[in-house]
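So the structure is just underneath, and the comments pick up after that.
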Amino acid sequence: MNVESKTLAPGMNFRELLAFGGVGVIATLIHVTVFSLVLESTSASPLQANMLAFVLAFLFSFAGHYRVTFTTATRQNPDVRGALLRFLVVALLGLTLNSGVVYVTTSILALHYFYAVALMVTMVPACIYLLSKYWAFRHTA
């Protein structure tokens, strides 16, 4: 059985999940690298460095998901501008979810931040995947 045909749930496959994870890992590395390089080589503040890093990682993530992860849907519906705007909403929702998880876990529940990290690397990516697949990069017939 090839990776493409391995179905996990209706409409989901192993290749797509691997691509989603791979694009996400590379986007994270871009974010961390740009953030660090800007802080170490310029007089930019951490917030300015983070904003630039977010934008570059977002653009890579969008391109990767559009061209690799959800390629079947995007080939059938090549609305790049619409997908970009929807994916921006998804990315900002991800940021909001991450921030909410950190706040609730550490400030309200007074738990160690490790629990927030556990949710950030499991629950949030799952939400981002589902929103990306079924909304941001959806196939509209």
- If Thr33 passes every condition in (1) loosely packed, with under 15 Cβ neighbours inside 10 Å; (2) at pLDDT 95 or above; (3) within 17 Å of Thr72 (Cα to Cα) but one, which one does it miss? (3)
- Of all residues in the range 86-141, how many are out of contact with any Leu (no Cβ under 8 Å at 6 or more places or on another chain), crowded, with 16+ Cβ neighbours inside 10 Å and aromatic (Phe, Trp, Tyr)? 2
- Only one of these conditions is not met by Val80: (1) surrounded by 16 or more Cβ atoms within 10 Å (Cβ to Cβ); (2) among the aliphatic types (A, V, I, L, M); (3) under 15 Å from His139 (Cα atoms). Which number is it? (1)
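The values are calculated or read from the model by the stated rules, or taken from the named source; none is laboratory data. Predicted model, so just to flag it, every value in this text is computed and none were measured. As a convention, Cβ positions derive from the backbone with ideal geometry for all residues, glycine included, and neighbour counts pool all protein chains shown.
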